[in-house]
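What follows is one structure encoded as structure tokens, with my remarks underneath.
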């Protein structure tokens with residue numbers, strides 16, 4: 001909950017800084033909203049007048065150009081796609097889909113500080129987590145092994161940590177427990193394969209680590225909000 005402070009006579013009420021998520025992939029949008037709700041001093045809103053808009057290029061285009069001065073735009077790119085050589089007008093910051101929570105937070109702070117009325121709120125800093133190199137190795141391993149079982153012990157060994165310490169440090173860095181983050185990556189890859197290719201859904205399930213098609217469908221519905229078949233129909 002936000003604390004309510006008394007307002008001196010004649011003073012203007014302070015407002016929280018606001019950030020909007022605008023991304024075409026529901027799973028990525030959900031992850032961004034969940035992460036940004038932990039950004040101290042900021043509110044996640046569904047409002048065109050938000051101070052910062054975070055999303056992919058198709059959704060950010062509406063704010064690019066002459067109207068972009070009214071807010072800061074942060075592009076969330078997919079490293080599996082061809083990188084943009086030149087950012088469109090108005091794009092003030094970039095992160096990748098797999099970036100650490102702290103990187104996203106620092107990108108927003110770099111653009112706007114801690115938002116309006118930062119002095120009254122203070123400047124909370126996210127601390128703890130994994131060393132950047134260890135986190136990078138873990139993420140690279142997961143993304144290269146999505147079709148295979150991924151054991152917590154193996155990830156902890158890659159990071160050079162005990163399982164208990166790894167689980168805690170990973171959550172501090174990424175904002176999610178390791179198992180859920182891995183599942184999000186499986187679903188994000190499944191969405192890309194369904195949207196951009198013509199493989200049978202059963203083959204896509206296998207490609208992202210599900211030998212049981214019904215388990216794949218149930219998990220997809222839980223994370224994305226619709227069945228793989230419905231998702232394919234909607235993107236045709």
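Among 106, 151, 226, 101, the ranking by other beta carbons within 10 Å of each residue's beta carbon, starting with the fewest, stands as 151, 226, 106, 101.
Taking the fewest neighbouring Cβ atoms within 10 Å as the starting point, the ordered list for 48, 203, 43 is 203, 48, 43. Fully extending the segment from residue 94 to residue 78, taken as 0.36 nm per residue of separation minus the present Cα-Cα distance, adds 4.7 nm. The distance between label points at residue 49 and residue 145 comes to 5.0 nm (points 7 Å beyond Cα on the Cα→Cβ vector). Listed from fewest to most Cβ neighbours within 10 Å, the set 33, 142 follows the order 33, 142.
None of the figures in this text is laboratory data; all of them are computed from the coordinates on show. Treat the numbers as computed from the prediction; the structure is a model and nothing was measured. Cβ coordinates were reconstructed from backbone atoms using ideal geometry, including for glycine residues, and neighbour counts include every protein chain displayed.
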